[in-house]
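The values are calculated or read from the model by the stated rules, or taken from the named source; none is laboratory data. Treat the numbers as computed from the prediction; the structure is a model and nothing was measured. Note: ideal-geometry Cβ built from the backbone for every residue, glycine included; neighbour counts use all protein chains shown.
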Amino acid sequence: MADRLTRITTRTGDDGTTGLGNGWRVPKTAARIEALGAVDELNSALGVVLAHAADSPLRDPLAGVQHRLFDLGAELAVPGTAKLDDDDVAALDGAVGRLNATLPPLREFLLPGGATAGAHCHVARAICRRAERALWALHATEPVNGAALRYLNRLSDLLFVSARALAREMGATEIVWRPKEKPQ
């Protein structure tokens, strides 16, 4: 395979534009670039989760998600491209179901925290929700692959249950929200 990235510094973005995979130049403030950046940030946050969960059985499934997020980035970099499909969404649905079945039922909302890997997973979940909103904002002005929209929605669910599972794996207690009590 030939080298794909021969030059990292191109200076072509100094004018406030960036290049898409199809050769188009667009403003760095474009909705497509916002969505692409949010997906990139999500993938980076997931990398931090994986760095803290080196010995976890969740490592392989979450590492696979990183590859699908890169596919999603490729979709966004080349308008009209669809890489994710309903099988990718179904895979997340299955993973959420299997993982959630191993966890105790929730009786209250949880606060992000617990074990380091779980806390980072909550950060990734929050970034995932932002990436999903950015994709929907893009979809409001131009078509986006429906499977990609569903994928990010399901991924935030997987990241939530993964955060819970990582906390349990690492012997941490989940932090249950204690609502402020009203004075009587």
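Where the second residue is among the charged types (D, E, K, R) and the first is loosely packed, with under 10 Cβ neighbours inside 10 Å and lies in segment 162-183, which pairs have Cβ atoms under 7 Å and are six or more apart or on separate chains?
From segment 162-183, the pairs are TRP177/GLU108.
Check segment 71-83 and report whether any residue there is assigned to a helix (DSSP H, G or I), over 30 Å from ASN22 (Cβ atoms), small (Gly, Ala, Ser) and modelled with pLDDT under 95.
No, every residue in segment 71-83 fails to be assigned to a helix (DSSP H, G or I), over 30 Å from ASN22 (Cβ atoms), small (Gly, Ala, Ser) and modelled with pLDDT under 95.
Taking the options ARG129, ARG59, ARG125, name whichever one is surrounded by fewer than 16 Cβ atoms within 10 Å (Cβ to Cβ) and touching a helix residue (DSSP H, G or I) at 6+ places or on another chain (Cβ under 8 Å). Outline the logic, then answer.
Working: ARG129 fails: surrounded by fewer than 16 Cβ atoms within 10 Å (Cβ to Cβ); ARG125 fails: surrounded by fewer than 16 Cβ atoms within 10 Å (Cβ to Cβ).
Result of the check over ARG129, ARG59, ARG125: ARG59.
Applying the selection to segment 49-60, what residues are free of Cβ contacts under 8 Å to residues at least 60 places away in the same chain and in a helix (DSSP H, G or I)?
Result: LEU50, ALA51, ARG59, ASP60.
Let's see how each residue does on (1) farther than 21 Å from VAL65 by Cα; (2) surrounded by 17 or more Cβ atoms within 10 Å (Cβ to Cβ); (3) more than 17 Å from the chain's Cα centre (by Cα); (4) of a type in the set (Val, Ile, Thr):
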| residue | (1), (2), (3), (4) |
| --- | --- |
| LEU99 | no, yes, yes, no |
| LEU106 | yes, no, yes, no |
| ALA117 | no, yes, no, no |
| HIS120 | no, yes, no, no |
| PRO143 | yes, no, yes, no |
